[in-house]
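Working notes, beginning with the structure itself.
The values are calculated or read from the model by the stated rules, or taken from the named source; none is laboratory data. Just so it is clear, the model here is predicted, and its values are computed rather than measured. Glycine gets a Cβ as well: all are built from the backbone with ideal geometry, and neighbour counts include every protein chain shown. Just the protein is used for accessible areas: all its heavy atoms, side chains included, with ligands, DNA and RNA removed. Shrake-Rupley method; radii C 1.70, N 1.55, O 1.52, S 1.80 Å.
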Amino acid sequence: MPTLAVNNFNIVCATLGGFITLFGLISYLIKERFYLSEALISLISGLIFSPHAANLIRPEEYALGDAHTLGTITLFFSRLVLGVQLVIAGIQLPSKYLLKEWKSLAYLLGPGMVAMWMCTSLLVFAFVPHISFLHALAVGACVTPTDPVLSNSIVKGKFADKNIPRELQKIIVAESGANDGLGYPFLFLPLYLIKYTGHGGLSADGNVRTAIGLWFGETWGYVIILSIIYGAAVGWLAKELLHWAEGRKYVDKESFLVFAITLALFIVGTVGMIGSDDVLACFIAGNVFTWDDWFRLETMDDSFQPTIDMLLNVSIFIWFGAVCPWVEFVHNKVIPIYRLIFLGILVLLLRRPPIIFAMHKRIHQIEQKRQAIYVGFFGPIGVSSIFYLYITLEFLEQIKVDGEVRPDAEYLMEVTNVVVWFLCICSIVIHGLTIPMTKLGVYLPRTISGVISTARDDRDAFHVEDTENPRDNEQLPRTASGNVISNSTSISILPNVRRIGRTIIRAHDSKANSQVSVSLPQTPSQTPHSGSKAGLSTTRNSQEDVEMTSATEPSQATQPAAMVQRTIRFPDEAHPSSDSTGQLPPTTSNVSKIDVDTG
């Protein structure tokens, strides 16, 4: 007998699948027309699905009511997303990019990260009551790295292609990928000092010398340097193996495209086993894997990696919306809500823009001051900060006295949880709304002015002076300004000739300054005393011919650049320009068209 199985698995599958399906139906409208971030939409949806609203996604039940288990799930989920994202980020960069642009990256990862760390720590120290500067350094270290997941919204898509130079996009991707793994030294220096010197060093056998020794030995040696060496070795070996397999036609198309994703999973698992920095290892492996640009060029036109990227982005931010401690922002014992709001605003304004603006002349990718302001402001706080948050909580839970977490460590855990989550939410919301609000502020005055001007022009355009035979003149086709088209008149079309909803001919091209003239053929039926149907039919056919000509034969000035052709042909893949028989298609015959002169 059929039974109704409303369990957590079925609810999660239905909720997640239904949301992604509905979001996909309007995704282009949201991201390319309204310029809204998919991270922001997913975060709000996660809040709606959470126990705070619809109660469709219940994270605490999945963790069996244990807060530590819930934190572990969030940490591992963040590791997975960061690992895949950073391998993809490394592959996106051109050949030997880290080696060629080491000077610009040195400024961003050296003075840039130090300034962001210190600025955030000072603000936390100023706004959070009863906290030491050493504790503030640990909180500031969690939000020092910029997020590669949220950075995708400003380096991909129509807005980025139109407004951000390619070189600037690449340096943003490289910085956001590298500084995620380099957040460990900034975090573990204060954590080791807190463990061995905080609260009188109680429960810890050591001192400042022990803390500094562990910081250099474990953090820099075992975590940072080992992860770089391991990531480079695995990336190079994977590249050579894929070259070897592809050269002998051992690999099919599907396995070739998924190779980078599986490489990320392998590195996350193996580096996680040895306790090193899997985040940095993934980024280094991705960059070394495409060191010769071969794999990047071969997969440039394929959409598998962006598809996986989108699925992971949507899933992780829905989870963040569900597990975020929304209530604790208002009801907590460490900081009032009004201080949290001021802290969030000042961190976004002062954490990154001043240092980027101060050293932008030394970074050749940042050519203008407005670009420096843009790069400085868009240093989002996201998945990487939550990743470091739960690493911090995991470390502080081990500082115990008589089986209980030490009081100073317990207080720091609550401060870090509230502050880092709130700063992450502020960054997702503010950075997700900045581009659409900026576009609205720029285009709204222009739109209002354009509507007013169009209304005035329309009143003048429909004012036609009386002629000797107005009835006959009404039967003839007219231009947009109301002039009658004569039999053999060559018309220089100054305004846009429009059909319903779109433009056929653009009268003025800013690049070519071309003027289009159309000569209508003379027919016996096109006389002043013939019926209006003939004249209108001629005009309609001529317009359709012009549309066909402009669509099939664009001018040389507006032809797109040649696409990079893939060199790999898999055994099960036919040549793209051949038919089912393997023969190239015949050339199309010439299409008759009217003359369109471009001056």
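Here are the numbers for the structure shown:
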{"quantity": "Charge sum, other residues only, whose C-beta stays under 11 Å from HIS360's C-beta, Lys/Arg counted +1 and Asp/Glu -1", "calculated": "+3"}
{"quantity": "Among the listed pairs LYS156/LYS253; LYS156/LYS369; LYS31/LYS439; LYS103/LYS361; LYS31/LYS158; LYS162/LYS439, those beyond 20 Å (Cα-Cα)", "calculated": "LYS156/LYS253; LYS156/LYS369"}
{"quantity": "ASP66 - accessible surface, heavy atoms, 1.4 Å probe, Å² rounded to 10", "calculated": "70 Å²"}
{"quantity": "Reach of LYS400 by Cα under 30 Å, taken over lysines that are not fewer than 8 positions away in the same chain", "calculated": "LYS195, LYS333"}
{"quantity": "Spin-label pair ILE11/ILE26, simplified geometry with 7 Å Cα→Cβ offset, distance in nm", "calculated": "2.6 nm"}
{"quantity": "Where trypsin sites (Lys or Arg not before Pro) fall in DSSP loop in segment 322-385, at most 15 other Cβ within 10 Å", "calculated": "LYS333"}
{"quantity": "Cα gyration tensor category, rounded, prolate or oblate, for segment 70-447 with a/c compared to 1.5", "calculated": "oblate"}
{"quantity": "Distance between modelled label sites at ILE212 and ASP252, nm, 7 Å Cα→Cβ extension", "calculated": "6.0 nm"}
{"quantity": "Label-to-label distance, nm, for residues given as THR3 and HIS199 (7 Å Cα→Cβ offset)", "calculated": "4.8 nm"}
{"quantity": "Accessible surface of segment 303-403 [probe 1.4 Å, protein heavy atoms]: carbon and sulfur percent", "calculated": "62 percent"}
{"quantity": "Cα-Cα separations in segment 55-209 greater than 28 Å, expressed as whole percent", "calculated": "39 percent"}
{"quantity": "Probe 1.4 Å, accessible area per residue of segment 70-447, Å²", "calculated": "41 Å²"}
{"quantity": "Around ASN7: net Lys/Arg minus Asp/Glu count, Cβ-Cβ under 15 Å", "calculated": "0"}
